[in-house]
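Data first, discussion second: the structure below is written as structure tokens.
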Amino acid sequence: MATARETQEGEALDPSDALARPVLAYLDILRVERGCSPHTLSGYRRDLARLLSFARRSGAGDWGALDAEQMRSFAAAEHRRGLSPTSVQRLLSSCRGFFNHLLREGALAASPVTDLRAPRAPRKLPQVLDADEMDRLLDFPVLTPEDVRDRAMLELFYSSGLRRAELCGLRWGDLQLEEGLVRVLGKGGRTRDVPVGSKAREALDALRSLGSAGASQPVFRGARGGPIGESLVARRIKAIAQRQGIDKRVHPHLFRHSCASHVLESSGDLRAVQELLGHADIATTQIYTHLDFQHLARVYDAAHPRARRRSRE
């Protein structure tokens, strides 16, 4: 049974409503032209339904009737209703994209959210495994064909910083193991060529030797022979981590964070890490510079004569 908010948001996007039609047109652009995932589209739909409900409560006859002060009140009200600063930031980002669409269409003279800022959210640094922890995790015994698959899966995650959906969607034709490359279909339908390390190549060669490695065949198979499911990947990684005695919460994205952090720590090349991860905006990649600085701070505290505390006599 739908909740009141869900029912309200569903009605808010009624195509017969004049205010809702531009929202639906924008969602179609995100889906068809920009290739947004169903999950991303669902987030935009929820955010813009909130905006639409607010516009109605405000008595706006069209989108040009909303001004910056009203939008500031909207963001503040959503924050008071329980939205976290991060969620308010996402809400305003969705609104900003929609209003910019209306500007491009000539349906709006100015955006009411141009200078609007969300409450500052505390920055959470992603957890990573250090090199020793990663070695221990990857050094699990390979006794069954499932273990062969899992070893190749984990090695490729760490070697190439892939997202879980990217790994699950791989076909053997995407791999060029002789050249040490894999072609990945990332977010927004963007493809990128990513290096594959020697350990990952060895593990993938072992997996290929088990058979069924035609160009159109999935690299990583589930129990029924189709592409492995994302939930199964998470379960296998969790089980291996527990078996190997890793006391951190180990999940697929942790390999991506660890790969990026270790490459940046060794190279200092932020642009290369951006290309490796397939980030459209380097600002997304910059969080790893904070991780790298934390490592530098630990080394400094341990090594610099003036940083070390003297033990009490």
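What to note about this one:
- Here the chain is assigned +1 on the Cβ of each Lys and Arg and -1 on the Cβ of each Asp and Glu. Its dipole about the Cα centre then comes out at about 840 debye.
- Residue exposure sequence - Glu78, Glu33, Glu166, Glu230 - by fewest surrounding Cβ within 10 Å: Glu33, Glu230, Glu78, Glu166
- The chain, relative contact order [Cα under 8 Å, separation at least 6], %: 15 percent
- Segment 131-302: Rg to Rh, with Rh as the Kirkwood radius over Cα pairs: 0.97
- 0 to 90° range, to nearest 10: angle between helix 287-303 axis and the chain longest Cα axis: 50 degrees
- Overall Cα dimensions of the chain, principal axis frame, Å, largest first: 67, 66, 38
- Sites Arg171 and Arg57 - FRET efficiency at Förster radius 51 Å, r taken between beta-carbons, to 0.05: 0.55
- Spatial offset of segment 150-210 relative to segment 15-56 amounts to 34 Å, using the alpha carbon center of each.
- About its Cα centre, the dipole of segment 4-104 is roughly 320 debye, where the only charges are +1 on Lys and Arg Cβ and -1 on Asp and Glu Cβ.
- The long axis of helix 252-267 is offset from the longest Cα principal axis of the chain by roughly 70 degrees.
- Cα shape, segment 4-104, gyration tensor, a/c 1.5 rule: rounded
- Counted by neighbouring Cβ atoms within 10 Å, the residues Trp172, Trp63 run from fewest to most as Trp172, Trp63.
- For the chain, the longest principal axis of the C-alpha atoms and the axis of helix 85-104 are separated by about 60°.
- 19 Å reach of a label modelled at His253, 7 Å along Cα-to-Cβ, counting backbone N of segment 197-237: 229-237
- Cleavage-rule hits, trypsin sites (Lys or Arg not before Pro), segment 104-156, DSSP coil, Cβ neighbours within 10 Å at most 14: Arg117, Arg120, Arg123, Lys124
- Ordering Met134, Met153 by the number of other Cβ atoms within 10 Å of each residue's own Cβ, fewest first, gives Met134, Met153.
- Charge-dipole axis of segment 4-104 as Lys and Arg at +1 and Asp and Glu at -1 on Cβ define it, positive-most pick from Ile29, Leu48, Pro85: Pro85
- For the chain, adding -39500 (n - 2.57) for each run of n ≥ 4 DSSP H residues and dividing by the number of residues yields -17500 deg cm²/dmol at 222 nm.
- Highest mean first, the peptides 255-264, 83-92 sorted by other C-beta atoms within 10 Å per residue fall in the order 255-264, 83-92.
- Label-to-label distance, nm, for residues given as Ser266 and Ser209 (7 Å Cα→Cβ offset): 2.5 nm
Read the figures in this text as sums done on the coordinates, not as results from a lab. Everything quoted here is computed from the prediction, not taken from an experiment. Here the Cβ is made from the backbone with ideal geometry for all residues, glycine too, and neighbour counts use every protein chain on show.
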